[in-house]
1. Please list the non-local residues whose amide H lies under 5 Å from the amide H of Gly209, H modeled 1.01 Å from N, same-chain partners needing a gap of 5 or more.
2. What number, in nm² with one decimal, is the all-direction average of the projected area of the convex hull of the alpha-carbon atoms of region 60-166?
3. If I fit a long axis through the Cα atoms of helix 165-181 and take the longest principal axis of the Cα atoms of the chain, what angle between them do I get, 0 to 90°, rounded to 10?
4. For Phe264, list long-range residues whose amide hydrogen, built 1.01 Å from N in the peptide plane, is under 5 Å from its own amide hydrogen.
5. If you count only protein heavy atoms with a 1.4 Å probe, what accessible area per residue comes out for the chain, rounded to a whole Å²?
6. Along the Cα-to-C-beta direction of Thr67, a point sits 7 Å from the Cα; which residues of region 76-92 have their amide N less than 17 Å from that point?
7. Using a probe of 1.4 angstrom, how much of the accessible area of region 174-271 is carbon and sulfur, in percent?
8. In whole percent, and with a 1.4 Å probe on the protein chains, what portion of the accessible area of region 1-149 is carbon and sulfur?
Amino acid sequence: MSIESKAKIVTTHVLHEMKLRGEKIAMLTSYDFSMARIVDAAGIDIILVGDSASNVMAGFESTLPITLDQMIYHGQSVVRAAKRALVVVDLPFGTYQGNSKLALNSSIRIMKETGADAVKLEGGREILESVNRILSAGIPVMGHLGLTPQSIHKFGTYVVRARDEEEADKLVEDAHILQDAGCFSIVLEKIPAKLGAQVSRELKIPIIGIGAGPGVDGQVLVIHDLLGITQEFSPRFLRRYHNLFAEISGAVQSYIKDVKNVDFPNEREQY
Ligand code: KIV
């Protein structure tokens, strides 16, 4: 059976059904057309145009510098490629916090200019007004709790979040607040596996984990980490499925050698 004939468009409703029948949800990031086309054709359920583009595409140390215009550019490229997966675009830092009108305008720009299916925001009760306003415009919202990289300067470190009872209780409360507001799903990043399983059990909406253990409803990774394009980032939760850094590097070295030796192009590779 071809990929096309198996294809089924993933919607927020489909994701809820998957949770109900206990089918795990697979989500990966992509930021450009070519990668999104591969990821989508392989059958991924959700493509996240993450603000991790700030790190892996632009080379910044954090997710803070990426702009709304840049996220829209990445979003447009991915949406052009995604035939099957639900596409979620991150609202970048400074485009929704503390100003619900700005949050709505930023989300409307993302939806109108990229054609994405949903937006993602980091935070709980402190961004509730923004979440409500975006939802009131009929825009699906995915939450993001636990380690929220846009707040890295507040945390001061990328260590596991919500290990103590107080922070764990706040996270569970925030998850309920986001669900009650109408979010269709929540990402939980780098928290104890037990807590991830608890939130997934308590909530009706799909919970997607990254370093949140196996008890959640789905998993997300940054595609560059999974493929081994990034080398320096090695958290415990990361499983590398390839070492593309070495493979690409080897191919480039072979090409350089062939050019230098006038071995490329050969007789068949010319006009
Ligand atoms: O930006 C991103 O890639 C993310 C994932 C790590 C969940 O938010």
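The values are calculated or read from the model by the stated rules, or taken from the named source; none is laboratory data. Note that the coordinates shown come from a computational prediction; the quantities given were computed from them, not determined experimentally. Every residue, glycine among them, receives a Cβ derived from its backbone with ideal geometry; neighbour counts consider all protein chains shown. In case anyone asks, the SASA skips ligands and DNA or RNA and just uses the protein heavy atoms, side chains included. Shrake-Rupley method; radii C 1.70, N 1.55, O 1.52, S 1.80 Å.
1. Residues meeting the amide H criterion: Leu188, Asp217, Gly218, Gln219, Val220.
2. 7.6 nm²
3. 90 degrees
4. Val259
5. Counting only protein heavy atoms, the per-residue value for the chain is 52 Å².
6. It comes to 76, 91-92, nothing else.
7. Carbon with sulfur: 54 percent of the solvent-accessible area.
8. 56 percent
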